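For reference, the structure discussed in these notes is given below.
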Amino acid sequence: GLDAGLEARLRQAFQAMDVNDDGIVNEEERRRRMRQTLSWVLTECGMSLGTLHGLGDMSWEQFREHFVREWAMTRKEQALGLVDVRRAVAECVRGGSEEDPLRQLVGMSDSQLERWCRDEVASALLAQLVKQRAALVAQEE
């Protein structure tokens, strides 16, 4: 969840964006006022400034719920950077060139792509996650 300080800053940003004070922030209000109000909260949490674009009208509860969900995903994405997920997948891609490193994917049918993901990519990811789990367990000891 959010600590009290972050929750207060987020609520303050929401209220500042709610120009007409109706308890709902719409896309136009968010876009117009975000730079002045919300961008610093998103930056503080390591989140993209585009996190809340295109969501339509939102009440405080909806806004908070979306923020919390996106913040959780951001923290997981950052932690997965330590697992080297992209490298694990990259090592499964065969061939390619400097100009077209993912060429292998172009020639695959949907069923071949599914089989490749299930067999090769999943195994490579599993190996990385096992190493990460071992490191996390060692930190706890």
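The values are calculated or read from the model by the stated rules, or taken from the named source; none is laboratory data. Computed from a predicted structure; not experimentally measured. Using ideal geometry, Cβ is built from the backbone for each residue, glycine included, and neighbour counts are taken over all protein chains shown. Just the protein is used for accessible areas: all its heavy atoms, side chains included, with ligands, DNA and RNA removed. Shrake-Rupley method; radii C 1.70, N 1.55, O 1.52, S 1.80 Å.
Approximating the spin labels as points 7 Å out from Cα along Cα→Cβ, the residue 77-to-residue 43 distance works out to 1.8 nm. Taking 0.36 nm per residue of separation and subtracting the current Cα-Cα distance, fully stretching the chain between residue 130 and residue 89 would add 13.2 nm.
The sum of -39500 (n - 2.57) across all DSSP H runs of n ≥ 4, divided by the residue count of the chain, sets its helix-only mean residue ellipticity at 222 nm to -19000 deg cm²/dmol. Ligands, DNA and RNA left out, the 1.4 Å accessible surface of the range 1-103 is 49% carbon and sulfur atoms.
Tell me whether the range 39-141 comes out rounded, prolate or oblate; compute the Cα gyration tensor, take square roots of the eigenvalues as a ≥ b ≥ c, and use a/c under 1.5 as the rounded threshold. Verdict is oblate for the range 39-141. Spin-label pair residue 118-residue 7: with each label point 7 Å from Cα along the Cα-Cβ axis, the two points sit 4.5 nm from one another.
Counting Lys +1, Arg +1, Asp -1, Glu -1, what net charge surrounds residue 124 among other residues with beta carbon under 12 Å of its beta carbon? Net charge in that neighbourhood comes out at 0. When each of the peptides 94-106, 49-61 is scored by how many other beta carbons lie within 10 Å of its residues on average, the order from highest to lowest is 49-61, 94-106.
Write down the accessible area per residue of the chain in Å², having rolled a 1.4 Å probe over the full set of protein chains.
On the way: 9480 Å² over 141 residues.
Ligands and nucleic acids excluded, the figure is 67 Å² per residue.
Our summary gives the chain a relative contact order of 18 percent, counting only alpha carbon pairs under 8 angstrom and 6 or more residues apart. Close amide-amide hydrogen proximity is noted between residue 55 and no other residue 5 or more places distant or on a separate chain, at a cut-off under 5 Å (H modeled in the peptide plane; Pro and chain starts excluded).
Per-residue packing, averaged as other Cβ atoms within 10 Å, sorts the ranges 72-83, 118-129 into the order 118-129, 72-83, beginning with the highest.
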